[in-house]
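See below for the structure under consideration.
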Amino acid sequence: GAGVSQTPSNKVTEKGKYVELRCDPISGHTALYWYRQSLGQGPEFLIYFQGTGAADDSGLPNDRFFAVRPEGSVSTLKIQRTERGDSAVYLCASSPQLGTSVEQFFGPGTRLTVL
Amino acid sequence: AQSVSQHNHHVILSEAASLELGCNYSYGGTVNLFWYVQYPGQHLQLLLKYFSGDPLVKGIKGFEAEFIKSKFSFNLRKPSVQWSDTAEYFCAAPEAGNQFYFGTGTSLTVIP
């Protein structure tokens, strides 16, 4: 079956611009996670959803970052007033349910470059 | 907060050599531990996980990992690596609140 998909695969933008990154989880997966991976680092937790609600957004670095999942499926990560330090690969993952022992299925990521 | 440490940043081995990648975690509560692998040009995928029971966990492609609670460790092993094992390996551990923490990763290069 189809895995987690993310669009766009690459996004180049200018400092100060607004960007949206999209994640399509595996059908039926109720839990959805966003991570950010900078060069030479592991994925860094940003936010996760259980259904439509953001269960934990404690990893979002500041209020320029926001994510939604209005119908409990597709999620959009929104970044306002982008800064060069936002450049990274943004990963989305989904799992059949929430839980610390549950495998997460990762998408290919969106590589964001802020010039 | 949970933190995960991977001490080997880049490992280079010849085919058939044995592999051990270190992983240490800090959170002392109920422990669930994961190893994920990212092959060149591919997504992160699960290699193996521990959540209870036998501390020696077997995963795909001949990998195994041992959970040693007293050492806060979950090292990944493979007795004989292959060129196709060339990849980036990440150890991960969640906190009770379902936030997952990843190590910085170990890049493994296997020379044919």
Of the stretch A:59-87, those with amide N under 14 Å from the point 7 Å along the Cα→Cβ vector of A:Val12 are none
Which Rg and Dmax, in Å, describe the Cα atoms of the protein assembly as shown? 17.6, 51
Using a Cα distance threshold of under 17 Å, what count of lysine pairs results for the protein assembly as shown when pairs must be 8 or more residues apart or interchain? 9
Would you mind calculating the relative contact order of the stretch B:4-111 from Cα pairs under 8 angstrom and at least 6 residues apart, reporting the percent as a whole number? 38 percent
Once the Cα gyration tensor of chain B is found, what semi-axes does its equivalent ellipsoid get, as square roots of 5 times the eigenvalues, in whole Å, sorted largest first? 23, 14, 12
Expected vector for the stretch A:91-106, Karplus 3J(HN,Hα) from phi with 6.51, -1.76, 1.60 and θ = phi - 60°, integer Hz, x for Gly and Pro, equals 9, 10, 9, 10, 9, x, 8, 7, x, 6, 10, 9, 5, 9, 9, 9
Under 5 Å from the placed amide H of B:Asn98, counting only residues 5+ away or on other chains, we find none
Under the Karplus relation with 6.51, -1.76 and 1.60 and θ = phi - 60°, whole-Hz ³J(HN,Hα) for the stretch B:57-69, x at Gly and Pro, equal 10, 9, x, 6, 6, x, 7, 8, 9, 10, 8, 10, 4
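Quick note: the coordinates plus some simple rules give every number you see, no bench work behind them. Being a predicted model, the structure only gives us computed values, none of them experimental. A quick note on method: Cβ atoms are made from the backbone with ideal geometry, for glycine too, and the neighbour counts reach across all protein chains shown.
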